[in-house]
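The values are calculated or read from the model by the stated rules, or taken from the named source; none is laboratory data. Because the structure is predicted, anything quoted here is derived from the model rather than measured. Backbone-built Cβ (ideal geometry, glycine too); neighbour counts: all protein chains shown.
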Amino acid sequence: MSGNTVSTYNTCPMIAYLIRRILYAVPTLVGVNLLTFALFFVVNTPDDMARMQLGIKRVTPEAIEKWKQQRGYDKPLFINSATGGAGKLTDTIFWQKSAGMFVFDFGYSDDGRSIAREIATRMGPSLAVALPTFLIGLVVYVSFALLMTLFRATALDMAGVALCVLLMSISGLFYIIGGQFLVSKLWHLVPISGYAGGGEGFKFVVLPIVIGVVGGIGSSSRWYRTIFIEEIGKDYVRTARAKGLSEPRVMFTHVLKNAMIPVLTGVVVVIPLLFMGSLLTESFFGIPGLGSYTIDAINAQDFSVVRAMVFLGSVLYIAGLILTDVSYTMVDPRVRLS
Amino acid sequence: MSLLKVDNLVTRLRNGARIVDDISFDIAAGETFALLGESGCGKSMTALSLMRLLPDGVVNASGAVQMDGVALFDLRERDMREMRGGRMAMIFQEPGLSLNPVMTVGRQIAEVLALHHDLKGAAAQQRSIELLDQVGIPDAPRRVREYPFRLSGGMKQRVMIAMALAGSPRLLIADEPTTALDVTIQAQVLQLLRDTQSRTGMAMLLITHDLGVVAENAHRVAVMYAGQIVEQASREQLFARPLHPYTQKLFAALPGAARAGQLLSAISGSVPPLGSIKQGCRFAARCDQAWARCHEQNPEWTAVAEGQGVRCHLYGEEGGGGKGKGGRGKGRSGAAGFPFSLISFPFTLAGRRPASALPDPQRHPAACGRQR
């Protein structure tokens, strides 16, 4: 991987590495786009979409044609043999719907609204739920895992692992529905669903956040515990103890920093994806975020929105992977990007 | 008065198997005491018992350890931490794995300085550089800011030693300090340990499976087999006249110039599994001088000469005296190691090439073959 680029950019191999990774992202995104397009139109035709949008009954062929024409679905899918030259490829649905996205021009949804504006307004509600869930979750999972590690091989640790397995074995849907039933319906503590901006919104997001955190405890804490326990058996930990350090000091200054390396792999990659929100949680709690936007678009067969969200998700995921690589260089002095 | 005194130490697994069985020895200030034995014989566990750093599932069952007059097993954990790294320090076998990979060398040393000398900031940095300089690391002011992965194995072990010295310990426990290093580096590190010891006057517990290392460094030696000390002697006594059949066989297994071209002799059989021997001598099955009594009765510790003792029926009052006629006779004729030891003693003492007398099966599957 290094080789030629190092000699060209040897002043700053990290920047060179990042540029190369961003360039690699372009073919990936083209592929993602192509796949989304193919999958969508394997099960749908533009006619189906029009009929769906206009209402199934009493739709005249003329109305369908008009709908298709207005939204640019009256062209062939991939290859337009009617025109010559570049138009053969560019004057198609695929080109018209995809090309703009590479300059982040998402176009309009089928009901005529700007997708970019929708994304901008819906990102807030998505983040309002996803970011606290992520941050609180991380603190809770790591603390719980550390607790189990400090008490490893005792009854407390066993009970913790058993609890984790139990929590892992329950479907995420159950937490949502069960939580809504208990907290909202029986105890009337917070509204079942809905959203409001500002401080008013707190009562709407608190339940989704709690449920999001609880739903992840099982798998995450168990995974972190495994990492910590593996780390604590290593020789340098024994050295640290032989220095006379107390067990909490050993844990926090030695073990935790080393354990962060594998933990980062799973954690940093999802940070950009927080903007996308959660499909399930947002749908169930009526949060007007990007997750529910995607679900609604799929239900409405709105291709423009679906492909925009898949594209955005892919971009954020790639960004997460690059971010992970960069974060490695911060926690592990042995890693150099080049 | 001895600096460290270990009395009847027993360390066992939770299931009851004794991995260190009734061990007693003492070390005087400025002295190097070697614990010699093959891997799995309990020498590292002995060391970890002294530090009270046994791994999960291993416990100190009984016995007493006095360090500088302080009974270690009676200390609260908080007071024990004062001892660890302060009055007694430890270095380990794999310097590559024993240093924290994501912490600079300087910070790892400074941690000890902060704990045991209350030295922080620039003063700690200055002292860390001094320590690195002392252990022979060139360009210490630069190295102090580097991470362990930038250093070679020998350098890492030097850092470990610097870290151990940072607490100004009275006792240094060196657990196979040179096993993971190649031969030329081994000699340098051992030299460094000797120099440090003569400068600071600290005592050293040297754990090794290498008779060459013992020959060059130890004042006194205890030979361990299957969790017990089977023989204890001064270095001169041990190399001049090994008493226990196991020790004799170890010497017999040494390669030497006088035996060039011959097959290396090995001790037949293998170490008994943990806790498998309920009665009798643990070496009896592999011993060609064993008789019925060896399989029935656990031999008691017998002092044979001033400073030399052995756990063997051949030298016991009853076994050696009138009763065990065959045993006694066999014992004399069977001091098979004796003539060999005369050959190997100058060889190992000369130290041209530390001979791995005890092939460590995990680390050196071809150790015997490698030695010439």
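If you filter region A:166-188 down to residues that are exposed (fewer than 12 other Cβ atoms within 10 Å of the Cβ) and more than 23 Å from the chain's Cα centre (by Cα), you find that the one that is modelled with the highest pLDDT is A:Leu166.
Among the residues of region B:55-73, those that are β-branched (Val, Ile, Thr) and within 14 Å of chain A (Cβ to nearest Cβ) comprise B:Val58, B:Val59. Every residue in region B:140-187 that is away from every other protein chain (no Cβ under 11 Å) and among the β-branched types (Val, Ile, Thr), please. B:Val144, B:Ile161, B:Thr178, B:Thr179, B:Val183, B:Thr184, B:Ile185 - these are the residues of region B:140-187 that are away from every other protein chain (no Cβ under 11 Å) and among the β-branched types (Val, Ile, Thr). B:Ile91 fulfils the conditions (1) buried (at least 19 other Cβ atoms within 10 Å of the Cβ); (2) facing chain A (nearest Cβ under 9 Å); (3) in contact (Cβ under 8 Å) with a residue 24 or more places away in the chain; (4) within 29 Å of A:Phe151 (Cβ to Cβ) except for a single criterion, (4). Residue check: B:Ser44 meets all listed conditions (1) polar (S, T, N, Q); (2) without any contact (Cβ under 8 Å) to a residue 60 or more places away in the chain; (3) surrounded by 18 or more Cβ atoms within 10 Å (Cβ to Cβ) but one, namely (2).
Of the helices (runs of 4 or more DSSP H) lying entirely inside region B:171-252, the ones with 1 or more residues being without any contact (Cβ under 8 Å) to a residue 24 or more places away in the chain and more than 24 Å from B:Gln134 (Cα to Cα) are found at B:235-240.
Just a yes or no: is a residue in region A:103-115 surrounded by fewer than 16 Cβ atoms within 10 Å (Cβ to Cβ), farther than 24 Å from A:Ile295 by Cα and of a type outside the set (D, E, K, R)? Taking every residue of region A:103-115 in turn, at least one turns out to be surrounded by fewer than 16 Cβ atoms within 10 Å (Cβ to Cβ), farther than 24 Å from A:Ile295 by Cα and of a type outside the set (D, E, K, R).
The helices (runs of 4 or more DSSP H) found entirely in region A:1-80 that carry 2 or more residues being closer than 20 Å to A:Trp95 by Cβ and at pLDDT below 90 are A:13-43, A:46-54, A:61-71.
When B:Glu31, B:Glu82, B:Glu38 are checked against the criterion of being under 29 Å from B:Ala266 (Cβ atoms) and either facing chain A (nearest Cβ under 10 Å) or acidic (Asp, Glu) (or both), B:Glu38 stands alone in meeting it. Only one entry in A:Val267, A:Val326, A:Val335 is crowded, with 18+ Cβ neighbours inside 10 Å and either among the β-branched types (Val, Ile, Thr) or more than 17 Å from the chain's Cα centre (by Cα) (or both), namely A:Val267.
Based on this model, can you work out whether A:Thr281 counts as more than 27 Å from A:Ser171 (Cα to Cα) and more than 14 Å from chain B (Cβ to nearest Cβ)? No: the conditions fail for A:Thr281. In this structure, does B:Arg52 turn out to be touching a residue at least 40 places away in the same chain (Cβ under 8 Å), within 13 Å of chain A (Cβ to nearest Cβ) and buried (at least 17 other Cβ atoms within 10 Å of the Cβ)? Considered against the rule, which asks whether it is touching a residue at least 40 places away in the same chain (Cβ under 8 Å), within 13 Å of chain A (Cβ to nearest Cβ) and buried (at least 17 other Cβ atoms within 10 Å of the Cβ), B:Arg52 comes out as no.
Under the condition of being within 14 Å of another protein chain (Cβ to nearest Cβ), surrounded by fewer than 16 Cβ atoms within 10 Å (Cβ to Cβ) and either on the phi > 0 side of the Ramachandran plot or not in a helix (DSSP H, G or I) (or both), the residues counted in region A:193-250 number 2. Within region B:109-119, not a single residue is facing chain A (nearest Cβ under 9 Å), within 30 Å of B:Leu9 (Cα to Cα) and touching a residue at least 60 places away in the same chain (Cβ under 8 Å). Based on what the data block shows, is B:Pro101 of a type outside the set (S, T, N, Q) and more than 8 Å from chain A (Cβ to nearest Cβ)? No; evaluated as a whole, the condition is false for this residue.
Of the residues making up region A:117-134, none is of a type outside the set (A, V, I, L, M, F, W, C), modelled with pLDDT under 85 and under 24 Å from A:Ile287 (Cα atoms).
Considering region A:251-264, the residues that are surrounded by fewer than 19 Cβ atoms within 10 Å (Cβ to Cβ) and of a type in the set (A, V, I, L, M) include one that is farthest from B:Leu113 (Cα to Cα), namely A:Leu264.
Which residues, taken from region B:105-149, are over 20 Å from B:Gly85 (Cα atoms) and not in a loop (DSSP other than H, G, I, E, B)?
To start, the set of residues in region B:105-149 that are over 20 Å from B:Gly85 (Cα atoms) comprises B:122, B:136-143, B:145-147, B:149.
Within region B:105-149, B:Ala122, B:Ala140, B:Pro141, B:Arg142, B:Arg143, B:Phe149 meet the criteria.
The condition of being away from every other protein chain (no Cβ under 13 Å), within 30 Å of B:Ala284 (Cβ to Cβ), touching a residue at least 12 places away in the same chain (Cβ under 8 Å) and touching a helix residue (DSSP H, G or I) at 6+ places or on another chain (Cβ under 9 Å) does not hold for B:Ile137.
Does region B:120-131 include one or more residues that are surrounded by fewer than 20 Cβ atoms within 10 Å (Cβ to Cβ), away from chain A (no Cβ under 14 Å), free of Cβ contacts under 8 Å to residues at least 40 places away in the same chain and closer than 26 Å to B:Gln308 by Cα? No, every residue in region B:120-131 fails to be surrounded by fewer than 20 Cβ atoms within 10 Å (Cβ to Cβ), away from chain A (no Cβ under 14 Å), free of Cβ contacts under 8 Å to residues at least 40 places away in the same chain and closer than 26 Å to B:Gln308 by Cα.
Among B:Ala292, B:Ala305, B:Ala257, B:Ala266, which is the only one that is more than 30 Å from B:Val189 (Cα to Cα), among the hydrophobic types (A, V, I, L, M, F, W, C), touching a residue at least 60 places away in the same chain (Cβ under 8 Å) and surrounded by fewer than 17 Cβ atoms within 10 Å (Cβ to Cβ)?
Details: B:Ala292 fails: touching a residue at least 60 places away in the same chain (Cβ under 8 Å); B:Ala257 fails: more than 30 Å from B:Val189 (Cα to Cα); B:Ala266 fails: more than 30 Å from B:Val189 (Cα to Cα).
Matching residue, one of B:Ala292, B:Ala305, B:Ala257, B:Ala266: B:Ala305.
Among the candidates B:Gly86, B:Gly57, B:Gly69, single out the residue that is in contact with a Gly (Cβ under 7 Å, 6 or more places away or on another chain) and either surrounded by fewer than 18 Cβ atoms within 10 Å (Cβ to Cβ) or more than 22 Å from A:Ala153 (Cβ to Cβ) (or both).
Details: B:Gly57 fails: in contact with a Gly (Cβ under 7 Å, 6 or more places away or on another chain); B:Gly69 fails: in contact with a Gly (Cβ under 7 Å, 6 or more places away or on another chain).
None of the others qualify; the one that does is B:Gly86.
Does region A:95-116 include one or more residues that are assigned to a loop (DSSP other than H, G, I, E, B) and of a type in the set (Phe, Trp, Tyr)?
At the first step, the residues of region A:95-116 found to be assigned to a loop (DSSP other than H, G, I, E, B) are A:104-107, A:109-113.
Right, trim to of a type in the set (Phe, Trp, Tyr) and you get A:104, A:106.
Within region A:95-116, one or more residues are assigned to a loop (DSSP other than H, G, I, E, B) and of a type in the set (Phe, Trp, Tyr).
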